[in-house]
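The values are calculated or read from the model by the stated rules, or taken from the named source; none is laboratory data. Given the structure is predicted, the values throughout are model-derived calculations rather than measurements. All Cβ positions, glycine included, derive from the backbone under ideal geometry; neighbour counts span all protein chains shown. All accessible areas refer to the heavy atoms of the entire protein, side chains included, with ligands and DNA or RNA removed. Shrake-Rupley method; radii C 1.70, N 1.55, O 1.52, S 1.80 Å.
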Amino acid sequence: MSILSIIVVVLAAIIAIPLIVALFLKKEYRIEERITINQPTPTVFNYIRFVKNQEHYSKWVMTDPNMQKTLTGTDGTVGFIYAWNSEDKGVGQGEQQITALVENKKMNSEVRFIKPFEGTGHVTMLTDSKGATETEVTWSMEGKSKYPMNFMNFFLGKVLHKDMQISLQNLKNNLEKKQMI
């Protein structure tokens, strides 16, 4: 076998193996993290319901402070859209729309990714009172990835969990220091 033939076989295997593995991986993904914040539930909920506040705690939003942002509607209400566009490939382009609010309990939103990859995620932020001055926040995101992009779920899951943990810690720090910008 010639060197060129070996290179072609190795390259074919490098391409084929992830495609074959992706056939057997779930297309659905779900990430969830939680943290307890030493603040009353109304204080916490009234902060997280405003999507623009993510500029002060979300690792993803904070990655590119120079990204272009477009706000449509009234923040903190159903229908509000926070759109972003960044030259940073790690941030890309997309929008987040509030789809449901249950006062002091839950905010649902749909995140529509445009660049670098198209996709839709459904995000829920739950607040659960653990006493007069403690609130547990659960942040989850779920969606589906088309084949063969579902192969990336295996690797991205760990990164997204870590980023979500960092974001929740930022949220906790901001709220406990009452730096609610």
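Determine which single condition G90 fails, assuming it passes every other condition in (1) touching an Asp or Glu at 6+ places or on another chain (Cβ under 9 Å); (2) of a type in the set (G, A, S); (3) in a strand (DSSP E or B). Looking at each condition in turn, G90 falls short on (3).
For the stretch 165-179, taking the residues that are open to solvent by 70 Å² or more (accessible area, probe 1.4 Å) and among the basic types (K, R), the one that is modelled with the highest pLDDT is identified as K177. For the stretch 56-71, the tally of residues that are in contact with a strand residue (DSSP E or B) (Cβ under 8 Å, 6 or more places away or on another chain), open to solvent by 80 Å² or more (accessible area, probe 1.4 Å) and either of a type in the set (G, A, S) or closer than 18 Å to K89 by Cβ (or both) stands at 2. Residue count for the stretch 1-33 satisfying the condition of being at pLDDT 80 or above and assigned to a helix (DSSP H, G or I): 14. Only one of the numbered conditions (1) in contact (Cβ under 8 Å) with a residue 24 or more places away in the chain; (2) of a type in the set (S, T, Y); (3) touching a strand residue (DSSP E or B) at 6+ places or on another chain (Cβ under 9 Å) is not met by T133, and that is (3).
Considering each of Q68, Q97, Q93 in turn, give the residue that is more than 15 Å from the chain's Cα centre (by Cα) and either modelled with pLDDT of 95 or more or of a type outside the set (K, R) (or both). Testing whether each residue is more than 15 Å from the chain's Cα centre (by Cα) and either modelled with pLDDT of 95 or more or of a type outside the set (K, R) (or both) leaves just Q68. Residue pairs whose Cβ atoms lie under 7 Å apart, sitting 6 or more positions apart in sequence or on different chains, and linking a residue in the stretch 101-115 that is farther than 30 Å from A132 by Cα to a partner that is among the charged types (D, E, K, R) and assigned to a strand (DSSP E or B), are R112/E95. Number of residues in the stretch 37-61 that are part of a helix (DSSP H, G or I), among the hydrophobic types (A, V, I, L, M, F, W, C) and either under 19 Å from N104 (Cβ atoms) or free of Cβ contacts under 8 Å to residues at least 60 places away in the same chain (or both) equals 5. Considered as a group, the residues in the stretch 100-122 that are β-branched (V, I, T) and under 17 Å from the mean Cα position of the chain (by Cα) include one that is farthest from M141 (Cα to Cα), and that residue is I114.
Taking the stretch 150-164 as the search range and keeping residues that are open to solvent by less than 80 Å² (accessible area, probe 1.4 Å) and more than 21 Å from T63 (Cβ to Cβ), which one is farthest from the chain's Cα centre (by Cα)? For the stretch 150-164, the residue satisfying everything is F151. Answer with yes or no whether T138 is hydroxyl-bearing (S, T, Y), crowded, with 16+ Cβ neighbours inside 10 Å and either under 19 Å from E33 (Cα atoms) or touching a Pro at 6+ places or on another chain (Cβ under 6 Å) (or both). Judged against the criteria, T138 is not a match.
Restricting to the stretch 93-135, and then to whatever is basic (K, R) and in contact with an Asp or Glu (Cβ under 6 Å, 6 or more places away or on another chain), can you tell me which residue is surrounded by the most Cβ atoms within 10 Å (Cβ to Cβ)? Taking the candidates together, the pick is R112.
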